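Student: Structure incoming, see below.
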């Protein structure tokens, strides 16, 4: 242990605000991009389901190889 | 040989591999990273010169390290896009760019906050800091260009060219601390020498770098899977997959 008490750990000899700001922003932003990525995935899956419900699955030939980019507002 | 190569490029094959890998990447990544930063924050000794502010290193160096290696990975993928027109490579470039931008911003931000108590200033326009700022703008450029062109093939090619042009910035970042006078300290890890820090400092640092690498791998897989689901929505396997999923 490099510190004698919890208070000393938080204060870090006066460098506490700098150290803790860095760690807070790091976890905030990494959390944000993770949340955003998970949400994008849910949105895409929900979209595909809606499309499938409205248009029944077509035959294999038309579905074989299509590289069309799907336009969507969440892209 | 070519068969393996084509299989590697198949979105369906990748989707399965990614699903199998992702729990391991996230689990081991978070475990290594948290071990690294708890060790660094609580147990590592104080720096004799910088005091406790140096503990920022345990997130600053991983962020900066990843920010650059993500760009190098994107450059390799961009080359593959241009030479072999492999769709999966373009999927990677698009999925990794926002994560790279976040990591670059974090490297700059934590560096600035570390600079204040250590150098007495938040920012100087020296070679290392400026070239990192250019890296951030390159990531933004890749994201903007990818979103601006709607045709998938021309978009992939334009993005790949931009990524490859921007790769010239990477050696500049790397050697900026050696070529020019700067406040920034030289690299902590070198392949050829022992680290100049004691083991109680560099071992947790190494753990946090490795951990963040694996966490990036998880995020990249997750985002690539999402992009594949969006692009391949008309194929049978994606339809079956979407139907099979509960959420």
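Student: Read through the list (1) within 11 Å of another protein chain (Cβ to nearest Cβ); (2) assigned to a helix (DSSP H, G or I); (3) more than 21 Å from residue A:26 (Cβ to Cβ), then give the number of the only condition that residue B:23 fails.
Tutor: (1)
Student: For the stretch B:166-202, which residues satisfy the criterion of being farther than 13 Å from residue B:135 by Cβ and not in a loop (DSSP other than H, G, I, E, B)?
Tutor: So the first thing to find is which residues in the stretch B:166-202 are farther than 13 Å from residue B:135 by Cβ, and the list is B:175, B:177-202.
Once the filter is applied, which keeps residues that are farther than 13 Å from residue B:135 by Cβ and not in a loop (DSSP other than H, G, I, E, B), the stretch B:166-202 yields B:175, B:177, B:178, B:179, B:199, B:200, B:201, B:202.
Student: Answer yes or no: is there a residue in the stretch B:206-224 that is more than 14 Å from chain A (Cβ to nearest Cβ), more than 25 Å from the chain's Cα centre (by Cα) and either closer than 30 Å to residue A:43 by Cβ or assigned to a helix (DSSP H, G or I) (or both).
Tutor: Looking through the stretch B:206-224, none of the residues is more than 14 Å from chain A (Cβ to nearest Cβ), more than 25 Å from the chain's Cα centre (by Cα) and either closer than 30 Å to residue A:43 by Cβ or assigned to a helix (DSSP H, G or I) (or both).
Student: Let me ask something else about it. Name the residues in the stretch B:135-150 that are under 15 Å from the mean Cα position of the chain (by Cα) and within 23 Å of residue B:174 (Cβ to Cβ), would you?
Tutor: B:135, B:136, B:137, B:138, B:139, B:140, B:142
Student: Further question: Can you tell me which residue within the stretch A:16-33, out of those that are at pLDDT below 90 and more than 7 Å from every other protein chain (Cβ to nearest Cβ), is surrounded by the fewest Cβ atoms within 10 Å (Cβ to Cβ)?
Tutor: A:17
Student: Can you confirm whether residue B:201 is surrounded by 15 or more Cβ atoms within 10 Å (Cβ to Cβ), within 14 Å of chain A (Cβ to nearest Cβ) and under 30 Å from residue B:43 (Cα atoms)? Talk me through it step by step, then tell me what you get.
Tutor: Working: surrounded by 15 or more Cβ atoms within 10 Å (Cβ to Cβ): yes; within 14 Å of chain A (Cβ to nearest Cβ): yes; under 30 Å from residue B:43 (Cα atoms): yes.
Criteria met by residue B:201.
Student: Related question: Identify the single condition in (1) closer than 20 Å to residue B:224 by Cα; (2) within 11 Å of chain A (Cβ to nearest Cβ); (3) surrounded by fewer than 23 Cβ atoms within 10 Å (Cβ to Cβ); (4) under 16 Å from the mean Cα position of the chain (by Cα) that residue B:85 does not satisfy, given that it satisfies every other one.
Tutor: Here residue B:85 clears every test but (4).
Student: Taking residue B:91 as the residue in question, decide whether it is modelled with pLDDT under 95, more than 14 Å from every other protein chain (Cβ to nearest Cβ) and in contact with a helix residue (DSSP H, G or I) (Cβ under 7 Å, 6 or more places away or on another chain).
Tutor: When the stated conditions are applied, residue B:91 does not pass them.
Student: Which of the residues that make up the stretch B:225-247 are more than 22 Å from residue B:23 (Cβ to Cβ), facing another protein chain (nearest Cβ under 7 Å) and within 26 Å of the chain's Cα centre (by Cα)?
Tutor: Listed by number, the residues that qualify are B:230, B:231.
Student: Can you find a residue in the stretch B:34-51 that is on the phi > 0 side of the Ramachandran plot and either surrounded by fewer than 21 Cβ atoms within 10 Å (Cβ to Cβ) or in contact with a strand residue (DSSP E or B) (Cβ under 8 Å, 6 or more places away or on another chain) (or both)?
Tutor: The answer is yes, given that some residue of the stretch B:34-51 is on the phi > 0 side of the Ramachandran plot and either surrounded by fewer than 21 Cβ atoms within 10 Å (Cβ to Cβ) or in contact with a strand residue (DSSP E or B) (Cβ under 8 Å, 6 or more places away or on another chain) (or both).
Student: Do the conditions hold for residue A:66, that is, is it more than 8 Å from every other protein chain (Cβ to nearest Cβ), at pLDDT below 90 and assigned to a loop (DSSP other than H, G, I, E, B)?
Tutor: Answer is no for this residue.
Student: While we're here: Go over the candidates B:156, B:160 one by one and state the one that is buried (at least 17 other Cβ atoms within 10 Å of the Cβ), within 14 Å of chain A (Cβ to nearest Cβ) and in contact (Cβ under 8 Å) with a residue 60 or more places away in the chain.
Tutor: B:156
Student: Could you please let me know if residue B:99 is in contact with a helix residue (DSSP H, G or I) (Cβ under 9 Å, 6 or more places away or on another chain) and part of a helix (DSSP H, G or I)?
Tutor: Considered against the rule, which asks whether it is in contact with a helix residue (DSSP H, G or I) (Cβ under 9 Å, 6 or more places away or on another chain) and part of a helix (DSSP H, G or I), residue B:99 comes out as yes.
The values are calculated or read from the model by the stated rules, or taken from the named source; none is laboratory data. This is a predicted model, so every value here is computed, not measured. Note: ideal-geometry Cβ built from the backbone for every residue, glycine included; neighbour counts use all protein chains shown.
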